[in-house]
Amino acid sequence: MFHVHSKIEATIRKLEVWDRRVVQNNYESFDNLCEFLNKEERQIPTSVAGAIREHLQTLKRQLREYFPVFSEQHIWIQNPFVPHNEDAIAGLSSREQDSLVELSCDTALKLIFTQKHLAHFWMHVYSEYTDLSNKALMFLMPFATTICEKIDF
């Protein structure tokens, strides 16, 4: 989820940069169009530039609607070893917050965290930190139960 979110955020930011470039009559973000304009020594009409900007802004808006910004309440999943403010742990019960403090102070687990993929780390700590692990894994793999229900074992 975090990797996908990063890619989506990068795409949204690129759309913003491309929009600013269009305002400056810079079409380098669009290889074929740029090549055509250079070859033909032409400029894009203002109405076409406006349509391009409108399209970029619509794409950005639709991506943001479909993929909203993550709330801070999931940051602890991405790195349980950094200090977290109250907003970041607000979605955790008191017991889960205590477990997160314990986990974050475990230097052996911190080393394991650096060596494993995020989901594998949370599976690794499952037996000792079951509640935290369950929450983390449900966030990281939100469709896992749907997939498992479809598979006939």
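Tell me, please, whether a residue that is under 21 Å from the mean Cα position of the chain (by Cα), free of Cβ contacts under 8 Å to residues at least 40 places away in the same chain and in the same structural domain as Met141 (by TED's automatic domain parsing) can be found in segment 98-111. No, there is no match, as no residue in segment 98-111 is under 21 Å from the mean Cα position of the chain (by Cα), free of Cβ contacts under 8 Å to residues at least 40 places away in the same chain and in the same structural domain as Met141 (by TED's automatic domain parsing). Taking segment 27-69 as the range and being within 24 Å of Lys7 (Cβ to Cβ) and polar (S, T, N, Q) as the test, the residues that pass are Ser29, Asn32, Gln57, Thr58, Gln62.
Evaluating Phe113 against the criteria (1) within 21 Å of Val4 (Cβ to Cβ); (2) hydrophobic (A, V, I, L, M, F, W, C); (3) at pLDDT below 95 leaves one unmet condition, (3).
Per the listing Arg53, Arg42, Arg61, the residue uniquely free of Cβ contacts under 8 Å to residues at least 12 places away in the same chain, more than 30 Å from Leu132 (Cβ to Cβ) and assigned to a helix (DSSP H, G or I) is Arg61.
Asp87 meets all of the listed conditions (1) at pLDDT below 90; (2) assigned to a loop (DSSP other than H, G, I, E, B); (3) acidic (Asp, Glu) but one, namely (2).
If you filter segment 55-78 down to residues that are surrounded by 12 or more Cβ atoms within 10 Å (Cβ to Cβ) and under 22 Å from Arg20 (Cα atoms), you find that the one that is modelled with the lowest pLDDT is Arg64.
The values are calculated or read from the model by the stated rules, or taken from the named source; none is laboratory data. Predicted, not measured: the structure shown is a model, and the values here were computed from it. For neighbour counting, all protein chains shown are included, and Cβ atoms are generated from backbone atoms with ideal geometry for every residue, glycine included.
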